Structures are given as structure tokens and as C-alpha cells.
Amino acid sequence: MENIENRNWELVAKHLAGETNTHENLEVEAWLKESEENRKAFEESKKALKKTDAYYRSNRFNTNEAWKNVYAQTARSQGKTVQFKKKRKEAISQFYKYAAVIVLALLLGSVGYYIGFINRVPAIYSEIISADKQVLQEYVLPDGSVVALNSNSKLTFPKKFRGDVREVSIEGEAFFDVIPNAEKPFVINAGDAQVKVLGTSFTVNAYPENKTVEVIVKTGKVQVINKNIEKETNNREVFLTPGEKGTLFTVNHTIEKSVNTDPNFLSWKTHDLVFDNVPLGDVIRCLEKTYHIEIQLSEPELSDLRYEGHFDQKPAKFVLDIIRLTFNLDLTGDEEHFVLASRKN
């Protein structure tokens with residue numbers, strides 16, 4: 001009885017009765033997606049409810065009419081006391097018979113719910129959110145997989161992965177290091193894209209304002225699916241291996257596969273920076289993303305200077321000082337705002 005009265009049971013019961021709200025409907029739908037077993041249990045319970053309801057309606061007993069009939073029998077003759085008692089007894093017996101049927105039907109409905117959903121616990125979701133200029137370096141998910149979040153990002157996931165899939169949603173940018181499980185794929189919903197993996201490490205960049213979703217694979221193999229394209233359609237999915245990038249363009253719903261040419265795609269997490277004859281303008285943009293700072297080049301022509309260097313776990317001020325010395329520039333600013341300018345003689 002404890003399980004039957006549990007809110008988890010009540011949620012599904014409410015859903016079948018058409019009394020759930022939008023959020024509760026999403027919880028039930030999430031559970032249905034977890035496994036074929038859940039879907040079968042749901043359908044069987046829905047059928048059991050229909051049968052119970054039909055049985056109740058078809059056997060509905062009108063007690064008022066029954067007692068009227070009994071009263072009519074008594075009015076015919078006071079001399080038929082024995083017959084009256086007999087009919088009254090039959091009416092009462094019939095009444096309790098139908099009452100028992102109704103109670104049984106209701107119990108059958110409860111048992112149907114109980115059997116269908118005793119093993120069901122609605123997915124309770126959690127969120128981790130990184131603020132502006134904040135990086136969450138490591139968060140361990142329920143299956144042991146590890147995720148890092150770049151600034152202004154949000155990851156939504158169930159407190160416990162159930163069924164035959166591990167499913168999460170991301171807004172922003174994140175790096176995933178997924179625990180292998182061939183029987184339970186890891187699925188990431190990122191805007192119009194869906195990323196499926198068994199066990200690997202990769203980044204997902206899905207800031208809504210960018211109008212693109214980018215997936216770059218570090219290890220393993222990743223499948224990127226365009227959710228807006230029907231199955232069996234060309235350009236619906238790409239498979240990525242280490243060093244490859246998949247880009248989904250949300251405007252025209254196309255998806256492309258290419259070689260990743262950015263060695264610093266993970267610098268926001270690692271602070272490991274490599275520049276090989278790169279224009280200073282590109283170096284500045286990379287530093288801004290990595291350290292969440294603002295850097296201004298006072299003269300436009302400074303953007304064309306070519307820079308080469310490697311920095312591993314160095315603070316932003318140290319990197320900017322090296323660049324200043326390399327090109328004989330002046331550096332001004334505080335912890336978050338810097339200006340590089342040509343040195344005046």
C-alpha cells in the first residue's frame with residue numbers, strides 16, 4: 001500500500017486520468033522513453049483502466065430503483081410477509097453483489113496501476129549552471145562520467161539514469177568524458193543536435209546565440225544527429241573520430257564534418273595554449289575566450305602581426321607580458337580589461 005500511495009504512482013495515475021500539468025507530462029514522457037518495458041507496462045495499465053471503467057459502467061446498479069421495487073412488493077399485500085422478506089433479502093443481496101463488483105473493479109484498477117508502475121520512479125532532474133566568466137572544471141554525473149562547463153552554460157540531467165539510455169541536455173559549452181557502457185549509450189541534446197556516444201571525450205558548443213552546434217572529438221567515436229531531419233534522409237547525421245569536428249547550422253538545418261584545425265578548442269578548460277604563426281588578432285580572441293577577459297588592440301594593424309608560442313597553465317597577465325615583449329608594445333589595464341598599444345618613442 002505504501003507504494004500505491006507514493007507520489008510517483010500518483011503522477012502516472014493522474015496522467016492516465018488526464019489531470020497532469022505540462023511539467024508532469026514531461027516527466028511521464030521521459031519515463032516512457034527509458035525502455036520498451038516501461039512503454040508496455042504503461043499500455044497494459046491503460047488497457048486495464050479502460051476495462052475497469054467499462055466493467056463499472058456496464059454493471060452500474062441503481063439502488064433507488066431496487067428499493068422502489070421492494071416497496072412495491074410490500075404494498076400488494078400485508079399477507080405476503082414471507083414473500084416480502086424473501087424479496088427484500090434478494091434485493092439487499094443483489095445490492096451488495098453489485099457493490100462488491102464495483103469495489104472489485106476499483107481494486108483491479110489499483111492493482112493494474114501498481115503492477116504497471118511499481119518499478120517506475122519518475123526522473124527527477126538536476127541542473128548545474130556556470131555563471132558569467134565562471135568555469136566549472138569538474139562535475140561527476142550519476143554514471144561516473146565527468147563534465148566541465150564553460151561560462152554561461154547549463155547542463156540538465158536526471159538524478160539517476162534509468163532505462164537503456166543516459167540522456168542529458170546542454171546549453172552553452174561543455175567537455176564530456178563519458179564512462180563506457182555499450183548497453184547504455186550516452187545521449188546529449190544540444191539545441192537541434194543530438195550527440196550519441198558509448199564512451200569517449202569531446203566538446204559540445206551549443207550557445208543559442210551562435211546559431212550553430214559544434215562537436216569536436218578528443219577520443220573515441222561520436223555520432224551527431226540533426227533532430228530536424230527525418231530518418232533515412234541524407235545529411236541527417238555524421239560520425240566523428242578524434243581530431244574531427246561536426247557543425248550543425250540551425251538556420252538551414254545542414255550538418256557538416258571537417259578536420260578540427262583549432263589546437264586551442266579546449267583551452268577554456270586546460271589553459272594549455274599553442275600558437276603556430278597565428279595572427280595576433282586570432283591570438284587575442286583565443287585569450288579572451290580562455291581567460292574571460294577583454295583585450296583591446298589600439299591600432300588595427302596590430303591584428304596582422306604573426307605570433308608563435310606555447311603557454312601551459314600560465315595566467316593571462318603572464319601571457320600578455322610575453323606578447324608585449326615580443327612585439328615591443330605597451331600593456332595597460334587591470335585584471336579583466338587590457339589594452340595593447342604600439343610603444344611611443
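The values are calculated or read from the model by the stated rules, or taken from the named source; none is laboratory data. These numbers were taken from a predicted model, which means no experiment stands behind them. FYI the Cβ positions are ideal-geometry reconstructions off the backbone, even for glycines, and counts take in every protein chain you see. For accessibility, only protein heavy atoms count, side chains too; no ligands or nucleic acids. Shrake-Rupley method; radii C 1.70, N 1.55, O 1.52, S 1.80 Å.
State whether one or more residues within the range 276-290 are open to solvent by 90 Å² or more (accessible area, probe 1.4 Å), assigned to a strand (DSSP E or B) and farther than 26 Å from residue 206 by Cα.
Yes, the conditions are met somewhere in the range 276-290.
Based on what the data block shows, is residue 252 touching a residue at least 12 places away in the same chain (Cβ under 8 Å), over 26 Å from residue 266 (Cβ atoms) and open to solvent by 40 Å² or more (accessible area, probe 1.4 Å)? Let's see the steps before the verdict.
Details: touching a residue at least 12 places away in the same chain (Cβ under 8 Å): no; over 26 Å from residue 266 (Cβ atoms): yes; open to solvent by 40 Å² or more (accessible area, probe 1.4 Å): yes.
So residue 252 fails the test.
For the range 145-166, how many residues meet the condition of being over 16 Å from residue 202 (Cβ atoms), open to solvent by 30 Å² or more (accessible area, probe 1.4 Å) and free of Cβ contacts under 8 Å to residues at least 40 places away in the same chain?
Number of matching residues: 4.
If only one of 319, 251 is of a type outside the set (Phe, Trp, Tyr) and either more than 27 Å from residue 212 (Cβ to Cβ) or at pLDDT 95 or above (or both), which one is it? Working first, answer last.
On the way: 251 fails: either more than 27 Å from residue 212 (Cβ to Cβ) or at pLDDT 95 or above (or both).
One residue alone meets the criteria, 319.
Just wondering, is there one or more residues in the range 318-336 that are within 20 Å of residue 151 (Cα to Cα) and either in a helix (DSSP H, G or I) or open to solvent by less than 60 Å² (accessible area, probe 1.4 Å) (or both)?
no
Here are the criteria: (1) part of a helix (DSSP H, G or I); (2) of a type in the set (Gly, Ala, Ser); (3) under 30 Å from residue 195 (Cα atoms). Tell me which single one residue 258 does not satisfy.
Going through (1) part of a helix (DSSP H, G or I); (2) of a type in the set (Gly, Ala, Ser); (3) under 30 Å from residue 195 (Cα atoms) one by one, residue 258 breaks only (1).
Quick one: count up the residues across the range 263-275 that are in a strand (DSSP E or B) and surrounded by 17 or more Cβ atoms within 10 Å (Cβ to Cβ). Let's see the steps before the verdict.
Let us first name the residues in the range 263-275 that are in a strand (DSSP E or B), namely 272-275.
Next, from what is left, pick out any that are surrounded by 17 or more Cβ atoms within 10 Å (Cβ to Cβ): 273, 275.
Of the residues in the range 263-275, 2 are in a strand (DSSP E or B) and surrounded by 17 or more Cβ atoms within 10 Å (Cβ to Cβ).
In the range 213-241, how many residues are closer than 17 Å to residue 180 by Cα and assigned to a loop (DSSP other than H, G, I, E, B)?
Total satisfying the criteria: 3.
Which is over 21 Å from the mean Cα position of the chain (by Cα), open to solvent by 40 Å² or more (accessible area, probe 1.4 Å) and either closer than 15 Å to residue 190 by Cα or of a type outside the set (Val, Ile, Thr) (or both), of 228, 235, 260? Spell out the reasoning first.
Details: 228 fails: over 21 Å from the mean Cα position of the chain (by Cα); 260 fails: open to solvent by 40 Å² or more (accessible area, probe 1.4 Å).
The match here is 235.
Count, please, the residues in the range 271-314 that happen to be closer than 19 Å to residue 135 by Cβ, of a type outside the set (A, V, I, L, M) and touching a residue at least 24 places away in the same chain (Cβ under 8 Å).
Residues in the range 271-314 being closer than 19 Å to residue 135 by Cβ, of a type outside the set (A, V, I, L, M) and touching a residue at least 24 places away in the same chain (Cβ under 8 Å): 10 in total.
Of the conditions (1) open to solvent by 10 Å² or more (accessible area, probe 1.4 Å); (2) farther than 24 Å from residue 165 by Cα; (3) not basic (Lys, Arg), residue 189 satisfies every one except a single condition; which number is it?
(2)
Which count do you get for residues in the range 291-306 that are surrounded by fewer than 18 Cβ atoms within 10 Å (Cβ to Cβ) and hydroxyl-bearing (Ser, Thr, Tyr)?
2
Within the group 224, 178, 238, which residue is of a type in the set (A, V, I, L, M) and either touching a helix residue (DSSP H, G or I) at 6+ places or on another chain (Cβ under 9 Å) or under 21 Å from residue 136 (Cα atoms) (or both)?
178
Which of (1) at pLDDT 90 or above; (2) surrounded by fewer than 18 Cβ atoms within 10 Å (Cβ to Cβ) is the odd one out, the single condition residue 115 does not satisfy?
(1)
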